[in-house]
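To start, the structure under review is shown below, and the notes come after it.
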Amino acid sequence: MLSIKNLHASVEDKTILKGLDLEIKPGEVHAIMGPNGAGKSTMGYVVSGREGYEVEEGAVTLNGVDLLELEAEERARAGLFLAFQYPVEIPGVSNLEFMKAAVDAQREADGEEPVSSKDFLKLAREACKQVHLPVDFLKRGVNEGFSGGEKKRNEIMQMLLLKPKVCILDESDSGLDIDALQVVAEGVNSQRSPDRSFIVVTHYQRLLDHIKPDFVHVLSDGKIVKSGDASLAQELEDQGYAWLKEQRAVGAAQEQSA
Amino acid sequence: MSNWFGQVLDRADSVNDWLSPKRQSSLALLKERQWPTRKTEDWKYTPLHALDTFESGLPAANEAAPSEFIADLAIAGLDSIDLIFVDGVLQSAAVLDELPEGLSIYSLPDLPEGKQSDVLGDFAAIKPERHLFGLINDVLATQGLVIEVAAGATILQPIRIVSAINNSTEAHTRLQVKLGESSSLAVIEQYVGNDACFNTGVAEYDVADNAQLEHYRFALQTSAAMVVGGSHFKLGNRSRLNSTVVGFGSQLSRVDVDVHHAGEYAEAKLNAIYLLDNNELFDLHSTIEHAVPHCITEENVRGIVADKARAVFNGRIHIHRDAQKTLAELNNRNLLMSNEAEVNTKPELEIYADDVRCAHGATVAEIDKSGLYYLQSRGISRAQAQVMLSFGFINELVDQMPNQILAEWLRPQLRERFANMDVK
């Protein structure tokens, strides 16, 4: 479904991704873990098409469509969704107006008419309830004055409404208390289906107790250095990432001696 | 000197009523004034040449305006006390007989004799002398309202005062508003009419200790209309002012706002929005005087300027030597939609106290890139995202209006105006 091949990317002339490979099949949940600065958020930005992120080499396709050729909005309409680590506040644009514009853009891409305001309000209210946000959050400016947890739940609400094919959750657990974490996890689990895939980017095992991944990958210095099943997350939780440094030191020494 | 100004001076001598002592002193000041040119600092970017050739037309005779005309001025869903001036003449005074307790409103010409000396004392006492059209209004405004709120009274219905132009080419109206201690009131000033006309509207607000005033000035006239004047406030101890000015711009549209912090711990929140198109001009001059300690001013002015339109903003904050512990912020942000659109903005901060917190800024804003990416990442096209963010930039201040019924009335008008602007 989503295929990332040998992806090299830089921001402000600094290369962050250095040969990232990832194959995601329909219905799979992949967790990506790794230390700070490994390139986890960069991967989400590059795949979703953020300005300022230069692809130097490699390919990203979604169901065979070359994403790197598309504008950010076209990637979203192709079925890609990034839940932001730091959702952007947009005062003056209501949450409802924003989400309706997004859903209508998606519908237009799928050859459908825009949803009526009345029907959309109903859908949005249901989604609001599902992520345990009061419905008056629909009237407020996009993420304006929301707490960290409310912003993360607002991201999940958008995911529920847009029904994407591939969701990248960028540290959707950071800054959440246990209740909010469960709301986020329940939102994700309710959307798991044989034709929808997830990439869960996280620092901690905690979220993966609630969203069971099929695969766990360790991202370090811009590439996947280790992959395994769900038990790898527990291992990482116990050991930390110190072993990565040693491995890199050994690798560097080998390169030098060679 | 402008033709019209000469006529004003001639006409002023024939205005004779109980306000004459004040009118005469303003007339004396006017006679000393030079007619503004491009070299006059206060009018540098706002040419008055349209007045050189403007034919003075006296206000229409005191006859009722057509009822459809009045009906069109209504705001749906708003439960307000409406006082409508058409061509400078108050249309129906019936509403004055059924006012809520604690509120008194008098038509200026009908002010009871017993009140005249008080109002004479207050007249032109808050509005600074320097405003040219303020002085002209002093001299010519024979129509207007005196509004008083008794101490402790909370008036739930907003008072809406409309100055509309129908047949006439000239109108001058005056508001003298006095809030007693611990009272609260909302006033909406609305200026309407797009045909060539000259309309001055001056309002003076005396806000006593602990009182709260919610204020709106909607200068929504467009095209050939010329509307000038100002809203001037004096704030007592621990009083609060929340004011929103909205301008559409026209041949000549100028609003002067003055806030005088006269009592400690007073708070003023001032928002202003302008949305200009074609050859329109909108000019906002605001002056905040912090004369005493512990007061707060927060002023946010935002505009979108398209085509060949021009915005002028001059925002002065003057913090006097004794005004320690002042908090004052002034911000003017502009979005320019074309290469020929113009903004002349000048924030002025003058500080003579040493223990204050002040900030000011004026920018030509750009669309926020992270906001743009966020919207695009949800499938919204770049063009649509730009429109949403640009309108949101203005709408943020509409959202902050305390009266949401007014906000819902205003928003579609702004949206329509914005939708018709060309991006060049």
Would you please list the contacts, defined by Cβ atoms under 7 Å and residues six or more apart or on different chains, that run from a residue in segment A:102-122 that is at negative phi to a residue that is of a type in the set (Ser, Thr, Tyr)?
A:Ala105/B:Ser381
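Output the helices (runs of 4 or more DSSP H) that fall wholly within segment B:51-151 and possess 3 or more residues being over 21 Å from the mean Cα position of the chain (by Cα), or say none.
In segment B:51-151, the matching helices (runs of 4 or more DSSP H) lie at B:67-71, B:113-122.
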Return a yes/no flag: does segment B:155-178 have any residue that is part of a loop (DSSP other than H, G, I, E, B) and within 16 Å of the chain's Cα centre (by Cα).
no
Given (1) within 14 Å of chain A (Cβ to nearest Cβ); (2) free of Cβ contacts under 8 Å to residues at least 40 places away in the same chain, number of the condition B:Lys325 does not satisfy:
(1)
Here the residues within segment A:160-177 that are away from chain B (no Cβ under 12 Å) and at positive phi are A:Glu171, A:Gly175
If I ask for residues that are modelled with pLDDT under 95 and surrounded by fewer than 23 Cβ atoms within 10 Å (Cβ to Cβ), which ones from segment B:237-257 would you list?
B:Gln251
Top-ranked residue in segment B:321-341 [being in contact with a Lys or Arg (Cβ under 7 Å, 6 or more places away or on another chain) and not in a loop (DSSP other than H, G, I, E, B); ranked as surrounded by the fewest Cβ atoms within 10 Å (Cβ to Cβ)]
B:Leu327
Pick from segment B:332-373 the residues that are in contact with a strand residue (DSSP E or B) (Cβ under 7 Å, 6 or more places away or on another chain) and within 13 Å of chain A (Cβ to nearest Cβ): which of them is farthest from B:Asp322 (Cα to Cα)?
B:Gly371
The number of residues in segment A:170-179 that are of a type in the set (A, V, I, L, M) and either surrounded by fewer than 20 Cβ atoms within 10 Å (Cβ to Cβ) or closer than 18 Å to A:Ile32 by Cα (or both) is 1
Does any residue of segment B:380-396 turn out to be among the basic types (Lys, Arg), farther than 25 Å from B:Lys269 by Cβ and surrounded by 20 or more Cβ atoms within 10 Å (Cβ to Cβ)?
no
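B:Glu181 - would you say it is part of a strand (DSSP E or B) and either basic (Lys, Arg) or more than 16 Å from B:Ile126 (Cα to Cα) (or both)?
Against the criterion (part of a strand (DSSP E or B) and either basic (Lys, Arg) or more than 16 Å from B:Ile126 (Cα to Cα) (or both)), B:Glu181 does not qualify.
Restricting to segment A:137-159, name every residue that is within 13 Å of chain B (Cβ to nearest Cβ) and at negative phi.
A:Lys139, A:Arg140, A:Gly141, A:Val142, A:Glu144, A:Lys151, A:Asn154, A:Glu155, A:Met157, A:Gln158, A:Met159
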Given the options B:Ala141, B:Ala125, name the one that is open to solvent by 10 Å² or more (accessible area, probe 1.4 Å) and touching a residue at least 40 places away in the same chain (Cβ under 8 Å).
B:Ala125
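Filtering segment B:357-379 down to residues that are assigned to a helix (DSSP H, G or I) and hydroxyl-bearing (Ser, Thr, Tyr), which residue is surrounded by the fewest Cβ atoms within 10 Å (Cβ to Cβ)?
B:Ser370
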Answer residue from segment B:218-236, given it is out of contact with any helix residue (DSSP H, G or I) (no Cβ under 9 Å at 6 or more places or on another chain) and buried (at least 23 other Cβ atoms within 10 Å of the Cβ) and is farthest from B:Asp87 (Cα to Cα) among those:
B:Leu235
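The values are calculated or read from the model by the stated rules, or taken from the named source; none is laboratory data. Source: prediction; values computed, not measured. For neighbour counting, all protein chains shown are included, and Cβ atoms are generated from backbone atoms with ideal geometry for every residue, glycine included. The protein model used for the area step is the full one, side chains on, heavy atoms only, and it has no ligands, DNA or RNA in it. Shrake-Rupley method; radii C 1.70, N 1.55, O 1.52, S 1.80 Å.
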